[in-house]
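The structure appears right after this line, and notes come after that.
The values are calculated or read from the model by the stated rules, or taken from the named source; none is laboratory data. These numbers were taken from a predicted model, which means no experiment stands behind them. Because the Cβ atoms are built from the backbone with ideal geometry, glycine has one as well, and the counts that use them run over all protein chains shown.
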Amino acid sequence: MRFSARTSALAATAAAASLVLAGCAGGDVGGSKAGAATLDIATLTSAQSLDPKDAIGSTLPYFQALYDTLIRRTADGSYQPMLATEWTYDTARTRLSLTLRENVKFSDGTPFDADAVKANLEHFKNGGGGAAETLASLKEVTVVDATHVTLTLSAPDPAMLFHLSDAAGLMASPSKLAGGSLKTTPVGTGPYTLDKGRTTLGNKYVFQRKQDYWGKKLPYESLTISLFDNETAVVNGLRTRQIDSAVLQDANQQAALASDSGLKKTDFTFDFQGLLLFDRGGVHTKALRKTEVRQALNLAIDRETMLDKIRQGRGEITNQIYGPETKAYDKALDTHYAHDPAKAKRLLAEAGYADGFTLKLPRVSAIVSDALASSIAADLKAVGITVTWDQLDGASALRKIYRERAYSAMVMNIGQSPIDWVTTQEQVAAGTFNMFGTTDATVRRLLPRIQGGSEQQAGEAARALNEHLVEQGWFVPFYRMTYQIVSVPEVEVTPQSGMAVPSIYNYEPAAS
């Protein structure tokens with residue numbers, strides 16, 4: 001089940017809470033259903049709307065079927081032309097010039113052009129969606145002519161091409177951006193259109209392949225995304241071959257299919273699970289101001305036992321927020337903190353908390369299971385820290401965690417982007433994850449180098465920042481979780497860099 005968010009913690013908790021409450025190959029190649037060119041994907045992530053401004057994280061496949069992005073991100077994370085055929089930066093990297101594809105129309109007949117790009121980018125940035133912050137650096141969009149547009153940035157943004165290949169780059173008909181009709185009646189240039197007659201919003205989405213699509217046709221005439229409310233039901237659907245593919249996050253559900261040799265299984269990692277410390281300035285919990293206390297938290301967590309018992313060993317222990325695809329990543333930092341309760345107690349005493357302290361944490365059951373809650377509480381209790389869990393429902397989670405900023409920390413699953421600046425901007429710079437805006441001299445010195453330095457300078461700064469964050473105990477990561485793509489024999493699926501689910505372009509019929 002997808003409960004993390006690469007681009008917005010606020011949207012992540014909203015998605016998790018709502019689920020708790022609601023419970024390129026070409027040609028007309030046959031799919032996995034008997035003789036029919038169809039593909040049925042299962043998901044536990046609901047798209048609250050089909051308006052591109054609301055696209056985020058693992059909802060992206062819904063939108064990829066309907067809307068093309070300006071830039072295409074391939075499975076390995078490299079960029080290719082899509083609606084933009086060329087792109088170049090100026091020397092300062094604050095002006096990004098795009099050359100647009102000609103003779104492309106939206107499904108309502110409206111031409112795709114520079115005016116459409118400008119309207120869409122402004123719609124996304126100002127639309128209030130969970131990923132709107134990814135265009136925070138976008139200062140102005142200038143239409144040069146019908147096939148050329150310039151994006152002026154307030155500062156260099158090393159992640160801009162990534163964002164334009166993701167939710168921010170989705171293009172809808174400019175004539176439909178106002179009024180809200182795109183929420184249920186999408187109009188894009190994408191490879192499919194929504195078959196409203198066979199679609200039940202919030203349950204099953206059926207997309208029919210366009211015969212006049214401007215690009216290379218995808219191999220499936222019909223694509224269905226079926227929404228489930230639990231992974232047990234997904235596993236049953238895979239066993240009975242009622243669905244063709246799904247991503248399983250729960251280790252128990254992965255184990256349940258281990259003996260089914262008729263299904264293909266591909267392991268990959270994307271999310272880390274851990275304790276995000278918001279309150280390093282001591283607004284609610286004064287103890288967290290002390291580096292020794294944050295280090296003690298890291299030493300108190302028995303990651304090996306937690307991974308073994310809760311995830312059945314399905315994952316990799318880590319002490320860092322940066323993933324293996326980034327320049328900041330240092331394998332040695334994965335094991336910087338060994339489980340050492342005695343040392344944790346000594347550090348707490350040095351910091352003036354020999355008698356411990358109380359740490360109140362929010363809990364949304366969809367994110368924090370009983371086993372995880374018990375494990376965290378027991379590990380911290382062993383060094384004198386008392387954890388109290390504040391149970392939240394969907395209505396209260398958003399308000400109390402993000403609007404009221406009522407907690408000092410939170411357990412979450414966070415996607416590890418392949419782009420250093422994405423992780424840095426979201427989790428280190430002041431914003432949703434660093435909601436109290438705490439910083440220090442080293443962070444202030446290194447962030448501008450990651451953002452505006454040369455490739456070599458940015459990489460060196462990112463590695464230095466990562467080491468600093470780990471040593472200072474800014475976060476308490478537990479492990480990177482191993483997920484599993486499962487598919488029927490007739491379908492080949494490739495994991496997608498930068499996403500917890502495959503892109504729709506990563507599915508194709510298996511070679512006979």
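General remarks:
- Search result, residues across segment 314-332 that are more than 18 Å from the chain's Cα centre (by Cα) and in a strand (DSSP E or B): Glu316, Ile317
- Qualifying residue in segment 333-341 (condition: modelled with pLDDT under 95 and in a helix (DSSP H, G or I)): no
- Qualifying residue in segment 102-124 (condition: under 24 Å from the mean Cα position of the chain (by Cα), surrounded by fewer than 18 Cβ atoms within 10 Å (Cβ to Cβ) and modelled with pLDDT of 95 or more): yes
- Extreme residue, modelled with the lowest pLDDT, among residues of segment 50-101 that are small (Gly, Ala, Ser) and crowded, with 23+ Cβ neighbours inside 10 Å: Gly57
- Residue identified as at pLDDT 95 or above, of a type outside the set (S, T, N, Q) and surrounded by fewer than 21 Cβ atoms within 10 Å (Cβ to Cβ) among Val387, Val470: Val387
- Number of the exception - Lys309 against (1) more than 30 Å from Ala349 (Cα to Cα); (2) within 25 Å of the chain's Cα centre (by Cα); (3) of a type in the set (Lys, Arg): (2)
- Long-range neighbours under 6 Å by Cβ, at least six apart or interchain, first residue among the small types (Gly, Ala, Ser) within segment 102-119, second part of a helix (DSSP H, G or I) and modelled with pLDDT of 95 or more: Ala116/Pro174; Ala119/Pro174
- Residues that are touching a Gly at 6+ places or on another chain (Cβ under 9 Å) and either modelled with pLDDT of 95 or more or surrounded by 24 or more Cβ atoms within 10 Å (Cβ to Cβ) (or both), drawn from segment 125-134: Gly130, Ala131
- Failed item in (1) of a type in the set (A, V, I, L, M, F, W, C); (2) under 29 Å from the mean Cα position of the chain (by Cα); (3) within 19 Å of His468 (Cα to Cα), with Val293 passing the rest: (2)
- Residue that is farthest from Ala136 (Cα to Cα), among those in segment 430-452 that are surrounded by 15 or more Cβ atoms within 10 Å (Cβ to Cβ) and either among the acidic types (Asp, Glu) or touching a helix residue (DSSP H, G or I) at 6+ places or on another chain (Cβ under 6 Å) (or both): Thr442
- With a requirement of 2 or more residues that are small (Gly, Ala, Ser), the helices (runs of 4 or more DSSP H) lying completely within segment 420-512 that satisfy it span 441-452, 455-472.
- Residues of segment 125-151 satisfying the condition of being part of a helix (DSSP H, G or I) and among the polar types (S, T, N, Q): Asn126, Thr134
- Residue pairs whose Cβ atoms lie under 6 Å apart, separated by 6 or more positions or on different chains, with the first residue in segment 436-461 and farther than 30 Å from Ala406 by Cα and the second among the polar types (S, T, N, Q) and crowded, with 18+ Cβ neighbours inside 10 Å, are Ile450/Thr424.
- When Gly215, Gly237 are checked against the criterion of being part of a loop (DSSP other than H, G, I, E, B) and either more than 24 Å from Glu304 (Cβ to Cβ) or in contact with a Lys or Arg (Cβ under 6 Å, 6 or more places away or on another chain) (or both), Gly215 stands alone in meeting it.
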